[in-house]
Amino acid sequence: MRLPLPQFSAQARHPRHIAEVIETATPEFLAQCLEPEDLSFPVMPPFGSWVRAQDDDSGNDIYAVVYHATTSPIDSVHRARALGLSLEELRQQQPQIFAMLRTEFRAAIVGFRSDAAGTLYQHLPPRPPQVHQAVYSCTANEVLQFTDTLDFLRILLDVGQAPVDGLTAAVIRQSYQLRRLDRDWLVQAGRHLSILLKDDYDRLRSILSQIHP
């Protein structure tokens, strides 16, 4: 059974500090969202959203995209049950509920920034972030800079245990929106996908059909 993460004051927590690594592996990591200050559930990061952690030993910033998120009881023996109450009624009648649930997400690593050179690389880093490292939501500028190059799409297409086509479409769609509907970038992304999936037209069409403003 995983224990709940300690709470941090609003003053001590960076506004984009959303979670903490609790399991780690070469291609991905599992993170638990931090407890909110008020009686509410932790914010679940959107499917396909960008997050960043760090390998403290090397100083590398590790970039990843969220592909699976869950909210479940901390006690794995007892399942949550329907109470028929609104969130406000839960706060008034069952405030302990919020301390009994955890929100976790898995993120696929797509690249890293070298601390030594400051260079962005779109392949797996030498090592993933360690357990208990902070996880931050990426800024728009970080996403724009990382997606200037599209080599990371090959990694997304190979992510195991994930709805890969939907994930790829979600990442492209979010990046397209952050670029204020930059048509040239979208066409470039489509061409890159067509090369990677040149032998699977149906899959390519499925991904492209999910990309919209």
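The values are calculated or read from the model by the stated rules, or taken from the named source; none is laboratory data. Bear in mind the structure is a predicted one, so any value in this text is a computation, not a measurement. Reconstructed Cβ throughout: ideal geometry from the backbone, glycine too, with neighbour counts over all protein chains shown.
Listing for the model above:
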item	result
Checking residue 129 against (1) part of a loop (DSSP other than H, G, I, E, B); (2) surrounded by fewer than 17 Cβ atoms within 10 Å (Cβ to Cβ), the condition it does not meet	(2)
One residue from 140, 99, 108 being of a type in the set (A, V, I, L, M) and farther than 30 Å from residue 38 by Cβ	108
Count of residues meeting criterion [among the small types (Gly, Ala, Ser) and over 22 Å from the mean Cα position of the chain (by Cα)] in segment 58-93	5
Enumeration of residues in segment 63-86 that are of a type in the set (Val, Ile, Thr) and assigned to a strand (DSSP E or B)	65, 66, 70, 71
Selection count where residues are without any contact (Cβ under 8 Å) to a residue 60 or more places away in the chain, out of contact with any helix residue (DSSP H, G or I) (no Cβ under 9 Å at 6 or more places or on another chain) and small (Gly, Ala, Ser), scope segment 137-158	0
Some residue of segment 94-114 being over 16 Å from the mean Cα position of the chain (by Cα), surrounded by fewer than 19 Cβ atoms within 10 Å (Cβ to Cβ) and more than 30 Å from residue 78 (Cβ to Cβ)	yes
Qualifying residue in segment 15-35 (condition: modelled with pLDDT of 80 or more and touching a helix residue (DSSP H, G or I) at 6+ places or on another chain (Cβ under 9 Å))	yes
Where residue 110 falls short, out of the listed (1) farther than 16 Å from residue 137 by Cβ; (2) in contact (Cβ under 8 Å) with a residue 40 or more places away in the chain; (3) not in a helix (DSSP H, G or I)	(1)
All positions within segment 62-94 that are of a type outside the set (Ser, Thr, Tyr) and closer than 20 Å to residue 159 by Cβ	62, 64, 65, 66, 68, 69
Long-range neighbours under 7 Å by Cβ, at least six apart or interchain, first residue in a strand (DSSP E or B) within segment 37-62, second small (Gly, Ala, Ser)	51/64; 51/107; 51/137; 53/134; 60/114; 62/53
Condition broken by residue 74, with the remaining ones in (1) under 30 Å from residue 169 (Cβ atoms); (2) of a type outside the set (Lys, Arg); (3) in contact with a strand residue (DSSP E or B) (Cβ under 8 Å, 6 or more places away or on another chain); (4) touching a residue at least 40 places away in the same chain (Cβ under 8 Å) satisfied	(1)
Any chance residue 96 is touching a residue at least 24 places away in the same chain (Cβ under 8 Å), assigned to a helix (DSSP H, G or I) and polar (S, T, N, Q)	no
Odd one out for residue 172 among (1) assigned by TED's automatic domain parsing to the domain that holds residue 62; (2) among the hydrophobic types (A, V, I, L, M, F, W, C); (3) within 24 Å of residue 61 (Cα to Cα); (4) in contact with a Leu (Cβ under 8 Å, 6 or more places away or on another chain)	(1)
Breaking point among (1) free of Cβ contacts under 8 Å to residues at least 60 places away in the same chain; (2) within 15 Å of residue 144 (Cα to Cα), for residue 195	(2)
Contacts under 7 angstrom Cβ, first residue in segment 113-136 being at positive phi, partner modelled with pLDDT of 95 or more and not charged (D, E, K, R), 6 or more apart	132/21
